[in-house]
1. Scan A:Val287, A:Val349, A:Val313 and give me the residue that is within 14 Å of chain B (Cβ to nearest Cβ), open to solvent by less than 40 Å² (accessible area, probe 1.4 Å) and in contact (Cβ under 8 Å) with a residue 40 or more places away in the chain.
2. A:Val263 - would you say it is more than 14 Å from chain B (Cβ to nearest Cβ) and open to solvent by 30 Å² or more (accessible area, probe 1.4 Å)?
3. Which one is farthest from the chain's Cα centre (by Cα) among residues in region B:89-113 that are polar (S, T, N, Q) and open to solvent by less than 30 Å² (accessible area, probe 1.4 Å)?
4. Out of the residues in region B:172-185 that are over 18 Å from B:Lys50 (Cα atoms) and at pLDDT below 85, state the one that is farthest from the other protein chains (Cβ to nearest Cβ).
5. Name the strands (runs of 3 or more DSSP E) wholly within region B:176-269 that hold at least 3 residues that are free of Cβ contacts under 8 Å to residues at least 24 places away in the same chain and closer than 19 Å to B:Pro36 by Cα?
6. Please work out if A:Val314 is under 16 Å from the mean Cα position of the chain (by Cα) and of a type outside the set (D, E, K, R).
7. Only one of these is closer than 19 Å to A:Ala227 by Cβ and surrounded by fewer than 21 Cβ atoms within 10 Å (Cβ to Cβ): B:Phe173, B:Phe123. Name it.
8. Just name the residue that is farthest from the other protein chains (Cβ to nearest Cβ) out of those in region B:137-151 that are crowded, with 17+ Cβ neighbours inside 10 Å and modelled with pLDDT of 80 or more.
Amino acid sequence: MSSASAGPADLADEFMERRTTLQRIQGVLHKYPYLSPLIVLLVAVIIFYLLNSRFLLPQNLSFVTQQTVVVGTLAIAQTLIILTAGIDLSIGAVMTFAQMTMANLAVFATASNILPVAGQNPYLAITVGILAGVASGALNGFLIVRFNLPPFIVTLGTLSIFTALTLIFFKARTIQNAEMPDQMKWLGNTFKIGDFQLLYGVILMLVMYAIFGYILRNTAWGLHIYAVGDDPNAAELSGISTKRVIFSVYVVAGLVIGIAAWVTIGRVGSASPNPDPLLNLDTITAVVIGGTSLFGGRGTLIGTLIGALIITVVQNGLSLAGLDQAYRVLAIGILVIAAVAIDQWIRKVKA
Amino acid sequence: MTAPTATVTPVIQGVNLVKTFGRVVALNGADLELFPGEVLAVVGDNGAGKSSLIKCFSGAHTPDRGEMYLNGKKVEFKSTHEAREGGVETVFQTLAVAPALDIASNLYLGRELRKAGFVGSVFRMLDKKAMRQEASAHLKNLGISTLQNITQAVETLSGGQRQAVAVARAAAFGSEVIILDEPTAALGVNESARVLKMIQDLRERGMPVILISHNMPQVFEVANRIHVARLGKRAAVVTPQSHSMNDVVAIMTGAMTVPVEEQQLTPVT
């Protein structure tokens with residue numbers, strides 16, 4: 001305020017204005033956290049195209065999108081949770097549980113006399129399966145919020161619980177493609193644009209990215225997710241009920257996981273009671289590579305989509321180039337560490 | 001019920017407040033009155049119960065015993081949200097801002113504006129434009145012109161600028177009283193002067209302010225009355241005119257007691 005201090009303040013301002021190129025890059029990445037994964041994706045695409053030009057053929061690109069759909073859809077749920085500074089290790093187990101619930105209801109409900117209408121109406125079976133996902137998410141959220149338990153521990157526990165429940169309720173029986181009604185597999189249909197085959201499940205995934213992207217950016221709930229993940233005490237003192245926000249995030253994540261279960265049945269064509277052991281880690285990898293901070297409060301959904309695409313592009317590109325998949329594991333490992341290192345660096349940004 | 005010595009209804013009044021944390025007694029029957037249009041400084045040694053006292057009024061703590069009144073009406077704040085609804089705004093020592101969110105979002109955190117009509121009610125869309133416009137208007141009102149960009153993340157601001165955001169938020173929404181907990185503790189000389197100026201501006205607009213501070217010169221500069229807390233109670237209320245800084249320190253440490261008739265328990269006229 002005081003005019004006497006104008007001189008030195010101006011000097012200081014001038015000094016503050018002087019920024020190195022590195023600081024400018026830091027500032028831009030801070031503002032647009034999905035830029036670094038986007039650059040990685042583009043570089044990967046160019047490299048794999050140079051290694052094998054078939055990489056960019058429409059048939060191969062449609063294959064890439066189909067390979068991304070399961071991890072991509074689940075990663076929406078993981079992003080919401082990681083934004084609150086939580087983590088969900090039970091995603092794969094819950095998805096398998098939801099998937100086996102809907103498949104078993106659709107195939108066996110009439111014969112076993114448990115909810116027989118679900119046997120006649122596959123949509124009801126699908127709905128109940130999705131609700132199983134919602135209920136599982138609610139259980140995770142309840143344990144975290146009510147007993148103040150760390151999400152890591154709660155979901156590590158429910159990972160085992162839901163894996164076991166799936167085997168106890170549904171035995172170890174895979175529901176085959178031929179057994180399931182068409183509605184169950186509907187998301188596995190494709191839709192042709194020239195030579196490009198777009199999976200219905202991919203369209204649903206993109207719609208979900210659009211919806212949740214909108215919610216995170218444009219609604220109070222979305223903003224509160226960031227605030228809670230950023231600094232829960234500050235959020236609470238600002239009048240936000242952090243417990244309610246965290247609980248609701250796990251419930252909504254359960255909904256997304258339930259829908260992902262339906263997507264997976266469409267993509268795979270069958271319902272297996274054994275979850276892919278890499279699924280949990282792949283969703284976390286997609287989120288982290290996508291520029292979302294594991295410490296919560298910063299990140300974008302579009303970054304997660306790019307992260308999920310990076311995982312598939314690397315996998316697909318290496319096979320086309322005839323290289324060992326071990327290089328994929330190696331590349332993903334390096335990317336994860338680089339992504340977290342960049343996140344730490346971006347956090348130190350100054351005005 | 002009003003204070004026995006006051007004819008003016010206090011904006012905020014606490015009577016016999018008790019707050020314990022396990023075996024630690026933070027408040028042991030504390031009283032407090034804040035009158036319209038005044039700046040009341042709350043001072044005291046570490047552990048005297050200053051922060052616990054104001055946290056009762058800002059809804060961060062619920063007292064175990066005792067009553068609180070807002071404009072003569074009994075209130076019970078179970079959360080900061082309820083206190084804010086009642087018109088009591090607090091700038092906490094930790095500032096309670098979300099570092100990764102921008103200035104406008106922080107100003108409206110927890111009470112975002114939604115767009116009018118269908119987009120707002122069905123799609124829950126926030127009115128970011130209105131929030132940004134009003135946020136910059138509020139900052140201008142407080143004479144904070146150093147913030148160039150309202151969409152800047154708070155973590156990119158300096159300590160003083162963050163403080164300014166927190167004070168602006170309180171000033172924008174506080175309809176009854178604004179509580180500031182150690183607002184200058186982390187600030188440099190220039191930035192402190194700016195915050196003190198903001199406090200004086202608030203008083204000129206008729207807004208009562210509770211200021212918690214360790215900084216005696218600042219307290220003597222802006223306060224109308226000084227509430228001295230000691231051992232979870234009110235030791236005395238004096239004015240910068242009636243007592244010196246040394247006296248106040250003596251009251252804080254218990255080296256000096258002030259008889260009730262020499263205290264300033266009524267508004268300064």
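The values are calculated or read from the model by the stated rules, or taken from the named source; none is laboratory data. In this text the structure is predicted, and so the values were computed from the model without any measurement. Reconstructed Cβ throughout: ideal geometry from the backbone, glycine too, with neighbour counts over all protein chains shown. For accessibility, only protein heavy atoms count, side chains too; no ligands or nucleic acids. Shrake-Rupley method; radii C 1.70, N 1.55, O 1.52, S 1.80 Å.
1. Just one listed residue meets the conditions, A:Val349.
2. Details: more than 14 Å from chain B (Cβ to nearest Cβ): yes; open to solvent by 30 Å² or more (accessible area, probe 1.4 Å): no.
Here the answer is no, as A:Val263 does not meet what is asked.
3. Within region B:89-113, the subset polar (S, T, N, Q) is B:90, B:93-94, B:105-106.
With the extra rule that they be open to solvent by less than 30 Å² (accessible area, probe 1.4 Å), the set shrinks to B:90, B:105-106.
Details: B:Thr90: 5, B:Ser105: 21, B:Asn106: 18 Å.
The qualifying residue farthest from the chain's Cα centre (by Cα) is B:Ser105.
4. Checking each candidate, the answer is B:Ser175.
5. Details: elements: B:177-181, B:209-212, B:225-230, B:233-238.
Strands (runs of 3 or more DSSP E) meeting the threshold: none at all.
6. Working: under 16 Å from the mean Cα position of the chain (by Cα): no; of a type outside the set (D, E, K, R): yes.
Against the criterion (under 16 Å from the mean Cα position of the chain (by Cα) and of a type outside the set (D, E, K, R)), A:Val314 does not qualify.
7. Values: B:Phe123 fails: closer than 19 Å to A:Ala227 by Cβ.
Answer to the selection: B:Phe173.
8. To start, the set of residues in region B:137-151 that are crowded, with 17+ Cβ neighbours inside 10 Å comprises B:138-139, B:142, B:144, B:147, B:150.
Narrowing the set further to residues that are modelled with pLDDT of 80 or more leaves B:138-139, B:150.
Details: B:His138: 16, B:Leu139: 14, B:Ile150: 13 Å.
The residue in question is B:His138.
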